[in-house]
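Report on the following structure.
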Amino acid sequence: MLIVALYICALVFGASEATNADLIVEDTQPNCPTGWQYGSAFKSCYFMASQSLDWPDAQVACENIGGNLASINSPQEYDFLIRLAYAANPLYMTWIGLHAINNVSPFQWVDGTPSNYSKWLKDQPSDYGGLCVGWRTTYGGDLDGWRNIACESQQQFICKQSAGYCPNGAQSGSSGSVSSSNYPKNYENNLNCLYQIVVQAGLRVNLTFDDFDTETTYDRLYIFDGPNIQSPSLTNLTGHSPKGWNDSIQSSGNSMVLFFHTDTTNTFRGWHANWAAISLNESFCPNGQLSGYTGPLTSPNYPNNYDNRLDCLYRITSTSKLARIRITFDYFYTESCCDKLTLYDGPTIHSPQITTLSGTMPAGTNYTSTGYVMTLLFHTDYSVNYKGFSASWISVA
Ligand SMILES: [Ca+2]
Ligand SMILES: [Ca+2]
């Protein structure tokens, strides 16, 4: 299992091979939330508020729905917005995002955009005006434009936020990478982005994250084991990965789908992962038929990490039929939820179970069979792997 803040334990089912017919990327992404006006030329969404507030409260109200008081950065944007503002508020001032910190500082946009463009009314800004900027939208001639007025004044206001765009989500081939939009800059609010990765039939998708940083609970990446979001869930991820986090997740078939949802407020850096097609045979078990009087037994690849999706069987048979088998672990470390070593008191996994081990154990922990054969099954799930285990077995009386 992947460990990022929250997860749900996922069921893994066999997935059928994806075909091109399955790979229809639906346009799931409206660019703006409901009620906001999309300005495609400005890659922005705008919301004209009907209530009247002072400037600081208006800014907070915009932040609460995912934006800021609007900046106006070009004559084209001015012309686009004046229709929207005038229609809702033809008689009074409308707050925009321009303000000054104090009497001697310049006017600046609250969203941090540069103030290269301005449309002040005649004789504005005034030394006798306030620190916040209202917009008179009664247009025509010199009638419309900006005026600095007292921030305590109650006005209607206009909010702005970046429009949401999903990256091209359809990927195929033998390797590639996927990330949240804008990565490593913050992703947008209101995203519903679909990513589909398809590799050659007979191969699987191995996805390795090197960064994950989203708003815990509210901004979440869902991962599915198949060609669409109806496929079985592998996991879902939200929150902030630990430093140096680097983990992989594998599909059981030749496709994987990711779906990234963000809510209306608070964005973070997002996530980035590389993917590669891997062979179904890449994970393999060592020869598990062990016999004699004594010998070593380790997890596959030890002391390197074991692979995902293993079911490795070990059968230890003592040469002496009067002996019992004692196994002693000098090292044990597996993913505690999901990667398990089960010991059976006999020749098959249908023999009575001695114990199931996962997580960590003190060196020297040992178990003994009642007869001369012990069977072990090492099962690992689709993600997160550690060093595994190192043990020795010996025939005892
Ligand atoms: Ca959010
Ligand atoms: Ca695991």
* **Count of residues meeting criterion [more than 14 Å from ligand 1 (Cβ to nearest atom) and not in a strand (DSSP E or B)] in the stretch 173-197** => 5
* State whether one or more residues within the stretch 205-212 are within 15 Å of ligand 1 (Cβ to nearest atom) and of a type in the set (Phe, Trp, Tyr). => yes
* **Those residues of the stretch 184-233 which are touching a Pro at 6+ places or on another chain (Cβ under 9 Å) and within 16 Å of ligand 2 (Cβ to nearest atom), in sequence order** => Asp225
* State the number of residues belonging to the stretch 250-274 that are within 19 Å of Pro167 (Cβ to Cβ) and either within 16 Å of ligand 2 (Cβ to nearest atom) or basic (Lys, Arg) (or both). => 1
* For Gly14, are the conditions met, namely being in a loop (DSSP other than H, G, I, E, B), under 30 Å from Asn385 (Cα atoms) and modelled with pLDDT under 95? -> yes
* Please tell me if Asn89 is among the polar types (S, T, N, Q) and buried (at least 17 other Cβ atoms within 10 Å of the Cβ). => yes
* Hey, among Pro296, Pro286, which residue is more than 16 Å from ligand 1 (Cβ to nearest atom), part of a loop (DSSP other than H, G, I, E, B) and under 27 Å from Ala363 (Cα atoms)? -> Pro286
* Asked: Which ranges mark the strands (runs of 3 or more DSSP E) fully within the stretch 301-397 that have 3 or more residues being under 30 Å from Leu234 (Cα atoms)?
  -> 311-318, 324-333, 340-344, 353-357, 373-379, 388-396
* Qualifying positions in the stretch 310-346 - of a type in the set (Lys, Arg) and farther than 15 Å from Met374 by Cα -> Lys340
* Give the number of residues within the stretch 299-327 that are over 13 Å from Tyr386 (Cα atoms) and away from ligand 2 (no atom under 16 Å from the Cβ). => 15
* To do: State whether the residues of the stretch 141-156 include one that is of a type in the set (Asp, Glu) and touching a residue at least 60 places away in the same chain (Cβ under 8 Å).
  => yes
* Limited to the stretch 328-387, what total is found for residues that are free of Cβ contacts under 8 Å to residues at least 24 places away in the same chain and within 16 Å of ligand 2 (Cβ to nearest atom)? -> 1
* Asked: out of contact with any helix residue (DSSP H, G or I) (no Cβ under 6 Å at 6 or more places or on another chain), among the aromatic types (Phe, Trp, Tyr) and surrounded by fewer than 21 Cβ atoms within 10 Å (Cβ to Cβ) - does that describe any residue in the stretch 309-327?
  -> no
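Each row is one residue, and each column tells you yes or no for (1) closer than 30 Å to Ala277 by Cα; (2) surrounded by fewer than 18 Cβ atoms within 10 Å (Cβ to Cβ); (3) of a type in the set (Asp, Glu).
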residue	(1), (2), (3)
Trp95	no, no, no
Ile101	no, yes, no
Gln108	no, yes, no
Pro125	no, no, no
Ser153	no, yes, no
Ser181	yes, no, no
* To do: Could you run through the stretch 127-137 and say how many residues are of a type in the set (Phe, Trp, Tyr) and either crowded, with 16+ Cβ neighbours inside 10 Å or assigned to a strand (DSSP E or B) (or both)?
  => 1
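The values are calculated or read from the model by the stated rules, or taken from the named source; none is laboratory data. All values derive from a computational prediction rather than experimental measurement. All Cβ positions, glycine included, derive from the backbone under ideal geometry; neighbour counts span all protein chains shown.
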